[in-house]
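Here is the structure we will look at, set down as structure tokens.
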Amino acid sequence: MRVAELLKNIHENKLAPVYLILGKEDYNAQRISDAFIETVPEDQRAVNIGQYDMESTAISDAIGDALSAPFFGDRRIVFIKHPYFLIGNNKKVKGEQNTDEFLNYIENPEPTTVFVIFAPYDKLDERKKISKRLLKTAIVVENGFLDERSTKNYISQLLEKKKYSIEPQALELLVRKTEAKLSLAMNELPKLMILAQKDRKITVLMVARMVPQTLEQNIFDLSDLVLSKQVEKSIEMYHDLILQHEEPLKINAILLGQIRLLLQVNILQKHGYAQGNIASSLKVHPYRVKLAMKKSRSLHRTDLRTAYLGLVDLEEKMKSTQREPLALFELFMLGYFREKRG
């Protein structure tokens, strides 16, 4: 089931006993949560809505709540968040969960309870009995990242409903600065709408002034400088990021991830993979794959491999020596520049 269909069903009060919201789009997850909450009268929400994070709370507490009769109402809603035991994840959490109790509940749900499981993952581990059974018994709602076109359409339609418009170039810039992630773009819209209140038109200048680039987007730009051998500009930008109090190890980790993505995309493209297949295989946002495909066409695999190995070495040095990160990055850039020239 798609998000739009679920929201329509909730609005029409057509509710099932168990839902699995599968995917990482935070904005739509919040819309779904809000829609479920609105089905409970406001004066009953404190006693008939429960929220449980599986990384810090026992599933038995949530099940006990779900099995309870609604208090002075017709419906109880129980939200489950971060059900890590549904995926192949060895993450350390407080205590162990009784998944048998969870399995028993989804097979025999309480009819007056709506049990909503938010699983912010690409997919569940279907080797696990609990995951396989949940996928068969629950209403599964696909909540993956929207592609670039869908994100643009959603923003444009929302603004149109609110009697606003946005310049095409402004929409392009907003999508680029937020990496086509709907949740990030929607966080920026309120201040843009306030700024555009007079003419009710969002311009490219407004987006340029008001929407900051994410750290990931800044490091995407840094990777451009690195791979095009612009040593001085690369070092200058790296220095600026440190002045903005960004952690050197974090900068390096994101930069390393970006080069790895370019290398993976380069290889998969050579094997005939299309954008959608690459995004699915690598579990990466489609917009990031689109940018990587465009960039990797002009890059040689040996250069990407050299940059990747150099960044791995840089990370090791950052962790094992007392030298300044900026000095280590300068050495990396000079070494990479010589490698490419050679």
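The values are calculated or read from the model by the stated rules, or taken from the named source; none is laboratory data. Note that this is a predicted model, so its numbers are computed, not measured. Cβ: placed from backbone, ideal geometry, glycine included. Neighbour counts: every protein chain shown. For the accessible areas, the whole protein counts, side chains as well, though only heavy atoms, and no ligand, DNA or RNA atoms are used. Shrake-Rupley method; radii C 1.70, N 1.55, O 1.52, S 1.80 Å.
Is it the case that some residue within the range 269-286 is modelled with pLDDT of 90 or more and crowded, with 16+ Cβ neighbours inside 10 Å?
For the range 269-286, residues modelled with pLDDT of 90 or more and crowded, with 16+ Cβ neighbours inside 10 Å: absent.
Name the pairs whose Cβ atoms lie under 7 Å apart, with the first residue in the range 283-312 and farther than 29 Å from TYR121 by Cα and of a type in the set (Ser, Thr, Tyr), the second part of a helix (DSSP H, G or I) and open to solvent by 30 Å² or more (accessible area, probe 1.4 Å), and 6 or more positions between them or separate chains?
THR306/GLU339
Cβ contacts < 6 Å: first residue closer than 15 Å to GLU160 by Cα, restricted to the range 194-220; second residue hydroxyl-bearing (Ser, Thr, Tyr) and surrounded by 13 or more Cβ atoms within 10 Å (Cβ to Cβ), any location; separation 6+ or different chain. Result?
ARG200/TYR164; LYS201/SER165
A quick yes/no check of all residues on (1) part of a helix (DSSP H, G or I); (2) touching a helix residue (DSSP H, G or I) at 6+ places or on another chain (Cβ under 8 Å); (3) modelled with pLDDT under 95:
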{"site": "ALA4", "(1), (2), (3)": "yes, no, yes"}
{"site": "ASN13", "(1), (2), (3)": "no, no, yes"}
{"site": "ALA29", "(1), (2), (3)": "yes, no, no"}
{"site": "GLN44", "(1), (2), (3)": "yes, no, yes"}
{"site": "ALA69", "(1), (2), (3)": "no, no, yes"}
{"site": "GLY73", "(1), (2), (3)": "no, yes, yes"}
{"site": "ILE77", "(1), (2), (3)": "no, yes, no"}
{"site": "ASN89", "(1), (2), (3)": "no, no, yes"}
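For the range 323-341, what are the residues that are farther than 23 Å from ASP240 by Cβ and open to solvent by 90 Å² or more (accessible area, probe 1.4 Å)?
Within the range 323-341, ARG338, GLU339, ARG341 meet the criteria.
So, of the residues in the range 49-67 that are assigned to a loop (DSSP other than H, G, I, E, B) and of a type in the set (A, V, I, L, M), which turns out to be farthest from THR39 (Cα to Cα)?
The qualifying residue farthest from THR39 (Cα to Cα) is ALA58.
Quick one: which of ILE21, ILE49, ILE32, ILE77 is more than 20 Å from the chain's Cα centre (by Cα) and open to solvent by less than 30 Å² (accessible area, probe 1.4 Å)?
Of the residues listed, the single one that is more than 20 Å from the chain's Cα centre (by Cα) and open to solvent by less than 30 Å² (accessible area, probe 1.4 Å) is ILE77.
Table: residues versus (1) assigned to a loop (DSSP other than H, G, I, E, B); (2) β-branched (Val, Ile, Thr); (3) at pLDDT below 95.
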{"residue": "GLN169", "(1), (2), (3)": "no, no, no"}
{"residue": "VAL175", "(1), (2), (3)": "no, yes, yes"}
{"residue": "LEU184", "(1), (2), (3)": "no, no, yes"}
{"residue": "LEU192", "(1), (2), (3)": "no, no, no"}
{"residue": "ASP199", "(1), (2), (3)": "yes, no, yes"}
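Kindly provide the set of residues from the range 31-57 that are without any contact (Cβ under 8 Å) to a residue 24 or more places away in the chain and over 17 Å from ALA16 (Cα atoms), ordered by number.
Of everything in the range 31-57, those that are without any contact (Cβ under 8 Å) to a residue 24 or more places away in the chain and over 17 Å from ALA16 (Cα atoms) turn out to be GLU42, ASP43, ARG45, ALA46, THR57.
Residues of the range 227-268 being basic (Lys, Arg) and modelled with pLDDT of 90 or more, which ones?
LYS233, LYS250, ARG260
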